[in-house]
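Participant: Mind having a look at this structure? Questions to follow.
The values are calculated or read from the model by the stated rules, or taken from the named source; none is laboratory data. Since we're looking at a predicted model, the values are computed, not measured. Note: ideal-geometry Cβ built from the backbone for every residue, glycine included; neighbour counts use all protein chains shown. Accessible surface areas use protein heavy atoms only, side chains included; no ligands, DNA or RNA. Shrake-Rupley method; radii C 1.70, N 1.55, O 1.52, S 1.80 Å.
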Amino acid sequence: MKPYAAILTTSLLCAASAAFAEIQSDWAYHATSSGSRTSEQVPGESFKFLANGTDQIGDADTVTLYLLTSRDFAGEMEEQVYVRWWDGYMSHWIMGSWVKSTTLDASAPETSLHGLPAEGSVMLDLWKIEVPPWITQPGENFYAIQLKGYSQGASEERYLLNKSGGDFSQTNNLGQIWSASEEFDGQDWKINILQ
């Protein structure tokens, strides 16, 4: 191989590996069970991770979800948060929005989450996803949350899930189950949309 070709190949490989940086999932959190999202308050806030407060939601109501992530969870890539909503007939991808930075502090129990951090503090990002009523359908609806890093046409994704399963499923320090696989049938959260 000619020297300039080796340099070009090395540069391309470095650029490709930078584009596929690891998504940080250590502090990602929505819920550790179906019940916790309706009962667990977002640390330091007056609302719950499933802001509706119940998983029995009226057909005319917007479903409002909150989640926490590490600051800059996608490294150098652009951060995006989505929900994959299954209405019983088809999938819908709804983009979330960044709300603010928030701090979990061991010295202020009202801002800790599952007893973490054990000491010191950690700065996180709070995200909000709203699923409008024209997307939901009466009956059982299901959702999973996607953390996505995007850069120059390349992307890396992680999925926050309700249940573990498959070879790619892991649990972080907060007890949140996540997966690197898009195959998560039966692992997502359920919401019943009332007529």
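Participant: Mind checking the per residue accessible area of the chain for me, 1.4 Å probe, whole number of Å²?
Facilitator: 50
Participant: Additional query: Starting from the Cα gyration tensor of the range 120-183, take the square roots of the eigenvalues, sort them a ≥ b ≥ c, and report rounded, prolate or oblate (rounded when a/c is under 1.5, otherwise prolate if a/b is larger than b/c, else oblate).
Facilitator: rounded
Participant: Next question, about the same structure. Taking only Cα atoms, what is the 0 to 90° angle, nearest 10, from helix 3-19's long axis to the longest principal axis of the chain?
Facilitator: Rounded to the nearest ten degrees, it is 10.
Participant: For the chain, which whole-number percentage of the solvent-accessible area (1.4 Å probe, protein heavy atoms only) is attributable to carbon and sulfur atoms?
Facilitator: 51
Participant: Please return the longest range in the chain lying between exposed loop sites, taking trypsin sites (Lys or Arg not before Pro), DSSP loop only, at most 14 other beta-carbon atoms within 10 Å, and leaving the sites out.
Facilitator: 72-162
Participant: Further question: Given springs between every Cα pair under 10 Å in a Gaussian network model of the chain, which of Asp59, Asp125, Asp167 has the largest fluctuation?
Facilitator: Asp167
Participant: Return the label of the correct value of Kirkwood radius over Cα pairs in Å, as calculated from the structure shown, out of (1) 26.4; (2) 19.6; (3) 17.8.
Facilitator: (3)
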